[in-house]
1. Considering only the stretch 50-90, state which residues are surrounded by 13 or more Cβ atoms within 10 Å (Cβ to Cβ) and at pLDDT below 80.
2. Inspect all residues belonging to the stretch 34-47 and state whether any of them is without any contact (Cβ under 8 Å) to a residue 24 or more places away in the chain, closer than 16 Å to Leu92 by Cβ, among the aliphatic types (A, V, I, L, M) and in a helix (DSSP H, G or I).
Amino acid sequence: MSVISKELDEDQIEIQANSVRSAISELVNMCVYSLNEAFASQDKIRKNITNLEQLLNSITHMPDAPNFQSGIENINRLKARVGELQKRIHALDARFSDLEKNIVQ
């Protein structure tokens, strides 16, 4: 009887371990998906900033316009923020990659 009981306990432990692995894997997949969305958003922001820069460069003949300089300053601030977001996203991506490698092992 104790051998059967021990086998059942081992089976239950294996089932629980598989359940935990599955839950962790699902969570990592959700995080990877979120990171991919963040990268896509980051690319959209970068493209919008590039478009804004091009528009501002096209009106260089109007440097005395009231909002010209503040527009350039706003774009530079946005570029800095995007750079900070990129660093954070890349750091998160590296952390999740490490986590994913550990889970696969």
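1. Of the stretch 50-90, the ones surrounded by 13 or more Cβ atoms within 10 Å (Cβ to Cβ) are 52-53, 56, 68, 71-72, 74-75, 78-79, 82, 85-86, 89-90.
Once the filter is applied, which keeps residues that are surrounded by 13 or more Cβ atoms within 10 Å (Cβ to Cβ) and at pLDDT below 80, the stretch 50-90 yields Leu52, Glu53, Leu56, Phe68, Gly71, Ile72, Asn74, Ile75.
2. For the stretch 34-47, residues without any contact (Cβ under 8 Å) to a residue 24 or more places away in the chain, closer than 16 Å to Leu92 by Cβ, among the aliphatic types (A, V, I, L, M) and in a helix (DSSP H, G or I): present.
The values are calculated or read from the model by the stated rules, or taken from the named source; none is laboratory data. As the structure is a prediction and not an experimental result, all values here were calculated from the model. Cβ atoms come from the backbone with ideal geometry, glycine included; neighbour counts cover every protein chain shown.
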